[in-house]
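Novice: Next up is a structure, given as structure tokens.
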Amino acid sequence: MKNNKILILIGIFFILTGVYFVFQKYITDNQELSLKVKFVKENTKLYKISVGYPQFETLPKSFDEEIKTFVSNSINEFKKNTDENHKLLEKNSTPEEISKFPEQMYSLSITWSPEQLNNQYISFITRVNAFEGGANERQEIKTFNYDIVNKKDVVISDLFKNDPNYAQQISEFVINDLTGQFRNQPNCPYDNCVPKDMIDSGAGANANNFKNFTFNDNAIIFYFPKYQVAPGAYGEQKVIMSRK
């Protein structure tokens, strides 16, 4: 019995030691990356704002400013649109209808999701969801990619340095992938749900069509906001391309 207790204690020791070294390696690998998530919360009678975005204190200020400016512009655009739309709504409503307006009729949410955060690269996507009146939300996306070693933004051409025809290569892959995705959806007989014209236009061989991407060692993930490659009802689309 005593021997069993000793073996259990030895086992626990090695497990804790392993966890310790894994944690230490994580700290070491990320020692140059200091990340803080900033939050913006604002509630008024008219709207609700909930925003979160990253700031990297050990990187050049220009990168943090790029992120911060995008967020600030998105908030300002939401407030402007909300103010204009609500004034128009009040103008076309009776006093009785106005009295029944719910509080916080409008809302803005900005979230972010990382693909990689380490001491070499930062790659993440931000999503803007804004209800400013009308039937649907305004949905937008923007990606941020940064090379920490060379202190520069990563653009899509950086990942295809040896291929001058990279836009055509990406376009062919993405169009084929998206077409397959739509064909594999339920209730899609005879390819009727494949928005071919929108796919061909939104994923044509133009580098600007592929500006929203994230990446890791194995893949490049292309994101297409609402309306770029499909009708609004389909929402955001995504294509994963192997870096091999």
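Novice: State which residue is farthest from the chain's Cα centre (by Cα) when the search covers only the stretch 122-152 and only residues that are aromatic (F, W, Y) and under 14 Å from P54 (Cα atoms).
Specialist: Step one: of the stretch 122-152, the residues aromatic (F, W, Y) are 124, 131, 144, 146.
Then keep just the ones that are under 14 Å from P54 (Cα atoms); that gives 124, 144, 146.
Numbers: F124: 6, F144: 9, Y146: 15 Å.
Going through the qualifying residues, I end up with Y146.
Novice: Okay, moving on. Does K5 count as at pLDDT 50 or above and either of a type outside the set (S, T, N, Q) or part of a helix (DSSP H, G or I) (or both)?
Specialist: Numbers: at pLDDT 50 or above: no; either of a type outside the set (S, T, N, Q) or part of a helix (DSSP H, G or I) (or both): yes.
So K5 does not fit the description; no.
Novice: Further, regarding this structure: What number goes with the only condition from (1) more than 27 Å from Q120 (Cβ to Cβ); (2) surrounded by fewer than 19 Cβ atoms within 10 Å (Cβ to Cβ) that K211 does not pass?
Specialist: K211 satisfies every listed condition except (1).
Novice: I'm checking my understanding of the structure. Among residues of the stretch 52-77 that are touching a residue at least 60 places away in the same chain (Cβ under 8 Å) and aliphatic (A, V, I, L, M), which one is surrounded by the fewest Cβ atoms within 10 Å (Cβ to Cβ)? Quick ask: steps written out before the conclusion?
Specialist: Start the filter on the stretch 52-77 by keeping residues that are touching a residue at least 60 places away in the same chain (Cβ under 8 Å), which leaves 52-54, 56, 59-60, 63, 66-67, 70, 74.
Still in the list and also aliphatic (A, V, I, L, M): 59, 67.
Values: L59: 17, I67: 21.
So the residue we want is L59.
Novice: Can you tell me which residues in the stretch 192-215 are over 19 Å from G235 (Cβ atoms) and in contact (Cβ under 8 Å) with a residue 12 or more places away in the chain?
Specialist: D200, G204, A205, N206, A207, F215
Novice: Here's another thing I want to ask about it. Would you say E65 is among the acidic types (D, E), at pLDDT 95 or above and out of contact with any strand residue (DSSP E or B) (no Cβ under 9 Å at 6 or more places or on another chain)?
Specialist: Details: among the acidic types (D, E): yes; at pLDDT 95 or above: yes; out of contact with any strand residue (DSSP E or B) (no Cβ under 9 Å at 6 or more places or on another chain): yes.
Against the criterion (among the acidic types (D, E), at pLDDT 95 or above and out of contact with any strand residue (DSSP E or B) (no Cβ under 9 Å at 6 or more places or on another chain)), E65 qualifies.
Novice: Do you know which of the residues in the stretch 118-138 that are within 16 Å of F215 (Cβ to Cβ) and in contact with a Ser or Thr (Cβ under 8 Å, 6 or more places away or on another chain) is surrounded by the fewest Cβ atoms within 10 Å (Cβ to Cβ)?
Specialist: Looking at residues that are within 16 Å of F215 (Cβ to Cβ) and in contact with a Ser or Thr (Cβ under 8 Å, 6 or more places away or on another chain), I get F124.
Novice: Please go through the stretch 148-189 and give me each residue that is surrounded by fewer than 16 Cβ atoms within 10 Å (Cβ to Cβ) and in contact with an Asp or Glu (Cβ under 7 Å, 6 or more places away or on another chain), ordered by number.
Specialist: Q169, R183
Novice: Restricting to the stretch 106-162, and then to whatever is in a loop (DSSP other than H, G, I, E, B) and within 18 Å of F222 (Cα to Cα), can you tell me which residue is modelled with the lowest pLDDT? I'd like the intermediate steps shown before the answer.
Specialist: Step one: filter the stretch 106-162 for residues in a loop (DSSP other than H, G, I, E, B), giving 118-120, 132-137, 148-151, 154-155, 161-162.
If we keep only those that are within 18 Å of F222 (Cα to Cα) as well, we get 154-155, 161.
Values: V154: 97, V155: 96, K161: 87.
In this case the residue turns out to be K161.
The values are calculated or read from the model by the stated rules, or taken from the named source; none is laboratory data. Everything quoted here is computed from the prediction, not taken from an experiment. As a convention, Cβ positions derive from the backbone with ideal geometry for all residues, glycine included, and neighbour counts pool all protein chains shown.
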